[in-house]
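These notes concern the structure reproduced below.
The values are calculated or read from the model by the stated rules, or taken from the named source; none is laboratory data. For clarity, every value in this text was computed on a predicted model and none was experimentally measured. Heads up, the Cβs are rebuilt from the backbone with ideal geometry, glycines too, and the neighbour counts pull from every protein chain shown.
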Ligand SMILES: Cc1cc2nc3c(=O)[nH]c(=O)nc-3n(C[C@H](O)[C@H](O)[C@H](O)COP(=O)(O)O)c2cc1C
């Protein structure tokens with residue numbers, strides 16, 4: 001039986017799937033349902049002292065689109081687009097103490113963890129809310145420096161605006177990390193020039209780990225009505241965005257060396273494996289649960305177990321970072337050995353797509369068949385990708 005246990009920032013997790021800070025974790029009942037569904041933990045929806053971010057949740061709107069940008073109409077495709085506007089928890093933070101304490105006890109009894117999420121308006125506010133979470137028995141706190149919405153809300157210095165400012169991010173991180181004894185992790189924003197710089201800054205300031213990465217601001221258009229979905233700009237994400245997320249997981253894994261929780265783009269076990277292989281130790285899964293329900297957690301876990309068993313991975317630990325460690329940098333890639341394309345004329349159906357897609361003059365359409373010119377071929381593999389019959393292979397030049 002594959003071992004799903006994993007260590008993250010000194011805490012043992014029974015598996016690498018945690019529910020991210022999102023609507024399903026916005027109540028005691030929701031947190032318990034995450035635990036019941038088999039998640040190793042749940043990050044509570046961001047708790048705040050900022051009324052405008054609570055108000056944003058009272059005006060929440062969600063548009064779930066397909067890859068063409070149309071409303072999905074009930075069937076959730078793997079490539080869904082989650083276009084939405086909602087803020088932080090609407091419950092005043094002092095009223096969270098009792099449910100948090102109970103959620104923590106419930107999680108502990110079931111071998112899981114509740115992780116706090118803070119988003120405050122002042123440094124003292126960050127410290128106070130984090131302290132309240134520690135008093136409730138929580139074993140880890142996430143600082144939300146990634147929420148996309150404050151960038152659209154005049155006068156709201158929160159979320160990604162903090163994650164865009166390495167000095168401020170470091171100051172809040174170090175003040176909170178000094179004030180509490182439990183590990184503090186920082187949820188980053190992708191909307192900066194260099195996420196590695198911010199990850200490094202918060203690591204030096206005392207963060208035990210980073211969550212990579214919160215969502216982007218987007219703009220989605222309903223072309224039938226000639227206006228944006230849900231009235232204007234909003235946060236945007238979905239499984240399709242994971243390739244952008246994984247780029248930062250990869251860079252932080254290789255350059256910063258800090259434990260990573262991956263989020264933004266997980267649909268099922270397949271993406272979970274991608275995140276693990278890139279270097280994440282834990283996965284924070286969010287929007288897919290709003291569309292498919294808490295029961296989807298077990299589907300992710302059983303798919304992960306099956307993949308590991310079929311591929312001979314005895315533990316989750318054995319998968320962490322394998323793809324990142326095999327990744328070459330551009331200077332190595334420029335020295336890679338050359339290959340050239342060869343056409344298997346038996347398999348070729350003469351559709352000429354390879355000729356259309358060769359921009360190096362290495363494929364030519366002749367009367368009867370494709371002619372390849374190996375001296376011009378750079379082995380870019382585009383012809384191989386468009387060939388519908390698998391007729392193209394490569395030989396060393
Ligand atoms: C409707 C919605 C509400 C969210 N609320 C929060 C929040 O309160 N705090 C936070 O840190 N992230 C929040 N997020 C971000 C999610 O926790 C998660 O990181 C993000 O959706 C990417 O993961 P996913 O691809 O699994 O959805 C929210 C996302 C969505 C879609």
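For the reader, a short list of remarks on this structure follows.
- Scan of the range 276-304 for residues that are assigned to a helix (DSSP H, G or I), in contact with a strand residue (DSSP E or B) (Cβ under 7 Å, 6 or more places away or on another chain) and within 14 Å of the ligand (Cβ to nearest atom), ordered by number: 287, 289, 291, 297, 300
- Among the residues listed as 201, 234, 220, the single one being in contact with a helix residue (DSSP H, G or I) (Cβ under 9 Å, 6 or more places away or on another chain), in the same structural domain as residue 118 (by TED's automatic domain parsing) and buried (at least 24 other Cβ atoms within 10 Å of the Cβ): 234
- Tally of residues being in a helix (DSSP H, G or I) and surrounded by fewer than 23 Cβ atoms within 10 Å (Cβ to Cβ) across the range 175-194: 4
- Residue check, residue 321 at positive phi and either surrounded by 14 or more Cβ atoms within 10 Å (Cβ to Cβ) or within 16 Å of the ligand (Cβ to nearest atom) (or both): yes
Yes/no per residue for (1) under 24 Å from residue 82 (Cα atoms); (2) touching a residue at least 40 places away in the same chain (Cβ under 8 Å); (3) within 16 Å of the ligand (Cβ to nearest atom):
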| site | (1), (2), (3) |
| --- | --- |
| 123 | no, yes, no |
| 133 | no, yes, yes |
| 142 | yes, yes, yes |
| 153 | yes, yes, yes |
| 161 | yes, no, yes |
| 165 | no, no, no |
| 168 | no, no, no |
| 172 | no, yes, yes |
| 184 | no, yes, yes |
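- Unique match (being more than 10 Å from the ligand (Cβ to nearest atom), assigned by TED's automatic domain parsing to the domain that holds residue 322 and crowded, with 16+ Cβ neighbours inside 10 Å) among 254, 263, 245: 254
- Within the range 85-102, residues that are on the phi > 0 side of the Ramachandran plot have Cβ atoms under 9 Å from residues that are surrounded by 13 or more Cβ atoms within 10 Å (Cβ to Cβ) in no pair, counting only partners at least 6 apart in sequence or on another chain.
- Among the criteria (1) away from the ligand (no atom under 16 Å from the Cβ); (2) touching a helix residue (DSSP H, G or I) at 6+ places or on another chain (Cβ under 8 Å), the one residue 37 does not fulfil is (1).
- Strands (runs of 3 or more DSSP E) wholly inside the range 56-128 that include at least 1 residues being more than 26 Å from residue 29 (Cβ to Cβ): 61-65, 81-85
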